[in-house]
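For reference, the structure discussed in these notes is given below.
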Amino acid sequence: MLARYGGAGVLAWDNNQTRGTLGWRTEQGPHDATLLDLLPHAERLLGTGAQSADLAHFVHHQTQDRYDVLRSKPMQLADAQRISSEDVDALHRVASKYYRLIVIDSGNDESDPMWRRMIDHTDQLVVATTTRDDHAEAGALLLEALADRDERSARLAAGAVTIVTQADPGATSRDVNHITTGFTPLTREVVTIPHDPAMVDGLLRYGALRPATQRAWLAAAAAVARGL
């Protein structure tokens, strides 16, 4: 949404050491590069002679939705692709040079240095959850952990946007309201997304979504943009 309606220059970065799946849900470019391939070239890409075309060897352009994806490598075990806080800093410097907006997709392991460093670079936090109680509880606990971490993290938590997706087609409006009511006092805004078969499996494309789902995601993007 932010790329389709906000212009080009948007990167989605899979910042996950344990089976990040963003690459499985998005288009693959003419290569199979991941952030592990980009890291050794970070200093060169930050140099004055580097061009945006050089970065195309490491990111995967989404032709319909107009953004790029920096993949992790979910086929490898986490201990075979361990990313440090310094690596996150290097990747963020590269991303900041070439993109005006960076959307970082992460796991929810608050003990992971990769996750903690991501939070240090975050301007607007988005908590993605579903109408399942266990998913919602995990999101709420994450917000509580951030609130206790330090003053800046507490501000991020209070100013966060919670997006509640109706993952279960059988979920009722009462189920949705139960989850949204729980997050309302914890975050700045709560947005709900209806169940949509196009979000269950396969590539994620805005054009494949139902009109009601498209409108809901537009509202979610607007809520996020209000915090930037």
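Here are the numbers for this structure:
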{"quantity": "The range 205-228, subset outside any helix (DSSP H, G or I) and within 16 Å of the chain's Cα centre (by Cα), residue farthest from residue 174 (Cα to Cα)", "calculated": "228"}
{"quantity": "Number of positions in the range 7-44 that are surrounded by 16 or more Cβ atoms within 10 Å (Cβ to Cβ), small (Gly, Ala, Ser) and within 18 Å of the chain's Cα centre (by Cα)", "calculated": "4"}
{"quantity": "Boolean, residue 141 is under 19 Å from the mean Cα position of the chain (by Cα), free of Cβ contacts under 8 Å to residues at least 24 places away in the same chain and within 18 Å of residue 110 (Cα to Cα)", "calculated": "yes"}
{"quantity": "Test: residue in the range 192-204 that is farther than 29 Å from residue 64 by Cβ and not in a helix (DSSP H, G or I)", "calculated": "no"}
{"quantity": "Residues (part of a loop (DSSP other than H, G, I, E, B) and free of Cβ contacts under 8 Å to residues at least 12 places away in the same chain) located in the range 87-119", "calculated": "111"}
{"quantity": "Residue check, residue 190 in contact (Cβ under 8 Å) with a residue 40 or more places away in the chain and in contact with a helix residue (DSSP H, G or I) (Cβ under 9 Å, 6 or more places away or on another chain)", "calculated": "no"}
{"quantity": "Yes/no for residue 126 being touching a residue at least 60 places away in the same chain (Cβ under 8 Å), on the phi < 0 side of the Ramachandran plot, touching a strand residue (DSSP E or B) at 6+ places or on another chain (Cβ under 8 Å) and not assigned by TED's automatic domain parsing to the domain that holds residue 17", "calculated": "yes"}
{"quantity": "Per-region count, the range 166-182, residues closer than 14 Å to residue 136 by Cβ, part of a loop (DSSP other than H, G, I, E, B) and free of Cβ contacts under 8 Å to residues at least 40 places away in the same chain", "calculated": "3"}
{"quantity": "Given (1) within 16 Å of the chain's Cα centre (by Cα); (2) assigned by TED's automatic domain parsing to the domain that holds residue 63, index of the condition residue 111 fails", "calculated": "(1)"}
{"quantity": "Total residues in the range 129-146, condition hydrophobic (A, V, I, L, M, F, W, C) and surrounded by 16 or more Cβ atoms within 10 Å (Cβ to Cβ)", "calculated": "5"}
{"quantity": "Residue in the range 50-70 that is in contact with a Phe, Trp or Tyr (Cβ under 9 Å, 6 or more places away or on another chain) and within 30 Å of residue 145 (Cα to Cα) present", "calculated": "yes"}
{"quantity": "Residue match in the range 45-60 (condition: outside any helix (DSSP H, G or I), touching a residue at least 12 places away in the same chain (Cβ under 8 Å), surrounded by 19 or more Cβ atoms within 10 Å (Cβ to Cβ) and touching a His at 6+ places or on another chain (Cβ under 9 Å))", "calculated": "yes"}
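The values are calculated or read from the model by the stated rules, or taken from the named source; none is laboratory data. Here the structure is a predicted model, which means the values were calculated and not measured. Virtual Cβ from ideal backbone geometry, glycine too; neighbours counted across all protein chains shown.
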